[in-house]
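Colleague: Here you go, one structure.
Taken together, the values in this text are just the output of simple stated rules run on the coordinates, not laboratory data. Since this is a predicted model, take the numbers as computed values, not measurements. In this analysis, Cβ positions are derived from the backbone assuming ideal geometry, glycine residues included, and neighbour counts consider all displayed protein chains.
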Amino acid sequence: MAIWCSSCRRLQGEAKVALARLDREQVLYLSLDVDPSEDTAQLARYADQLGFDWLFAVAPTSLALALAEQFGDQVLNPPSTPLILIRPDGSVELIGFGHRSADELVAIAGA
């Protein structure tokens, strides 16, 4: 994600609705900022202004490169809105790209 990304903001709006329906003790949702020009202070203001109450983090370069190596460069293009699922057993899956509704996010969290 990136704070300038309207597609990201739209998906995060759906995430907010989905998270209200999920057990937050069982599901961790993380928005990972991959824009190297953005910092944690900007990201904190963004989340606060929009009322997003889950974890946000700025990806260090090493993590961004590792994500691109595993899933392709498109994961570093915020408007593509990649969704990566990390299961409790540690397995990782790129669910895909594009907008997801709150219902879809709830279903994915239950997968």
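Colleague: Of the options 54, 67, 79, report the single residue whose Cα projects farthest towards the positive end of the charge dipole of the range 16-80 (beta-carbon charges: Lys, Arg +1; Asp, Glu -1).
Modeller: Farthest along the dipole direction, towards plus: 54.
Colleague: Still on this structure, please answer the following. With a cut-off of 8 Å between alpha carbons and a minimum separation of six or more residues, what is the relative contact order of the chain in percent?
Modeller: 34 percent
Colleague: How big is the equivalent ellipsoid of the chain along its three axes, where each semi-axis is √(5λ) from the Cα gyration tensor, reported in whole Å from largest to smallest?
Modeller: Calculated on Cα positions only, the semi-axes equal 20, 18, 13 Å.
Colleague: Tell me the net charge near residue 41. Cut-off is 15 Å between Cβ atoms, residue 41 excluded, with +1 for each Lys or Arg and -1 for each Asp or Glu.
Modeller: Spelling it out: positives minus negatives among the neighbours equals -4.
Colleague: Follow-up. Enumerate the amide H contacts of residue 58 below 5 Å, restricted to partners 5 or more residues apart or on another chain; note that Pro and chain-start residues carry no placed amide H.
Modeller: Amide H neighbours of residue 58, under 5 Å, 5+ apart: 33.
Colleague: In debye, nearest 20, what is the charge dipole magnitude of the chain about its Cα centre with +1 on Lys and Arg Cβ and -1 on Asp and Glu Cβ, if you could check?
Modeller: Once rounded to the nearest 20, the dipole reads 260 debye.
Colleague: A further question follows. Divide by every residue of the chain the summed helix terms, -39500 (n - 2.57) for each DSSP H run of at least 4, and state the resulting mean residue ellipticity at 222 nm, rounded to the nearest 500 deg cm²/dmol. The partial results should precede the final answer.
Modeller: Numbers: 4 runs with 46 residues, N = 111.
Theoretical 222 nm ellipticity from helices: -12500 deg cm²/dmol.
Colleague: Hey, can you grab everything whose amide H is under 5 Å from the amide H of residue 84? Only 5+ residues off in sequence or another chain; H modelled, so Pro and N-termini drop out.
Modeller: Under 5 Å from the amide H of residue 84: 95.
Colleague: Relative contact order (percent) for the range 66-111, with alpha-carbon contacts under 8 angstrom and 6 or more residues of separation? Before the final figure, lay out each step's value.
Modeller: On the way: 35 pairs, mean separation 11.2, N = 46.
That works out to 24 percent.
Colleague: Here is a further query. If you take every residue apart from residue 85 with its C-beta less than 15 Å away from the C-beta of residue 85, what net charge results, scoring Lys and Arg +1 and Asp and Glu -1?
Modeller: -1
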